[in-house]
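Presented below is the structure to which this report refers.
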Amino acid sequence: PPTGPPPPGRRAAAARPRAPASRDARPPAASRPAEPLRIARLAAGGRPDWDALPAAEIVREGLSTRTAFRAAAAPDALHLRWDVRGDASPWKNGARDWHLLFKGGDCVDFQLSPTGSRDGADGDFRLLVAPFQGGGAAVLMRPRLTGAPETARFSYNSPVQTVVFDSVTKLGLAPEVEVGDDSFRVTLAVPWALLGMEAPAPGTTLRGDVGVILSDAAGTVNAARVYRSNRHTNLVNDQPGEAVLQPAGWSEVVFE
């Protein structure tokens, strides 16, 4: 991995450049299919009984880090929890710009298509949670969003390509974080309205993925990207290639 954070992104011009395909953005046909990610149902205003929920494991051969992910959906909010163990430098992120948290080190990541598209659709999003400036930050990244204000648009750049997102916003949410010697736990409740969608009806099947980004030992840059479904996530040296969503590599997400 690089020895420092990449050059900061810059605001995109009004005309959107066409980005060449990333080496890591090819359709992941060779990925082994993942079982559907199951999200439990909660009553309005309810709190999840996390210990009672089944965990989806996020692992990669050759890495000691293991992540257990649990989620529950209430009519008012989506509840998410990541338990990460075996991390020698837990919960460290050196990004100075919240647009670039996925490049600065430790992050947790939840991705979803509200339409269930596998080709990329308006409203698809990536929700990142990471340490930032002494606290925790939640950032919502949406490649395509009809009606997004120009001020929310952001471009990710490298010598190879530029990728433009219609909307990248920092949410006013404070995650709950617990950090151990070689572990961290992140819990977040996100109102559906902030995600630009209504709570899916019980039995709805969409598409999405969940993962964790790990820092180097110093906590200054990302060293690994590990996702439950998408296996084409080895790239850690190209800012726009790491920013893009790859819905073809996602699994089904079942709201029970």
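Brief remarks follow.
- Residue match in the stretch 217-236 (condition: surrounded by fewer than 20 Cβ atoms within 10 Å (Cβ to Cβ) and assigned to a strand (DSSP E or B)): yes
- With a requirement of 2 or more residues that are open to solvent by less than 10 Å² (accessible area, probe 1.4 Å) and at pLDDT 95 or above, the strands (runs of 3 or more DSSP E) lying completely within the stretch 74-170 that satisfy it span 77-85, 107-113, 125-132, 135-142, 154-157.
- Sub-6 Å Cβ pairs linking a first residue in the stretch 200-229 that is under 18 Å from Pro36 (Cα atoms) and hydroxyl-bearing (Ser, Thr, Tyr) to a second residue that is open to solvent by 40 Å² or more (accessible area, probe 1.4 Å) and not in a loop (DSSP other than H, G, I, E, B), at least 6 apart or interchain, are Thr205/Glu252, ordered by first then second residue.
The values are calculated or read from the model by the stated rules, or taken from the named source; none is laboratory data. In this text the structure is predicted, and so the values were computed from the model without any measurement. All Cβ positions, glycine included, derive from the backbone under ideal geometry; neighbour counts span all protein chains shown. Areas reflect the complete protein model, heavy atoms only, side chains present, ligands, DNA and RNA absent. Shrake-Rupley method; radii C 1.70, N 1.55, O 1.52, S 1.80 Å.
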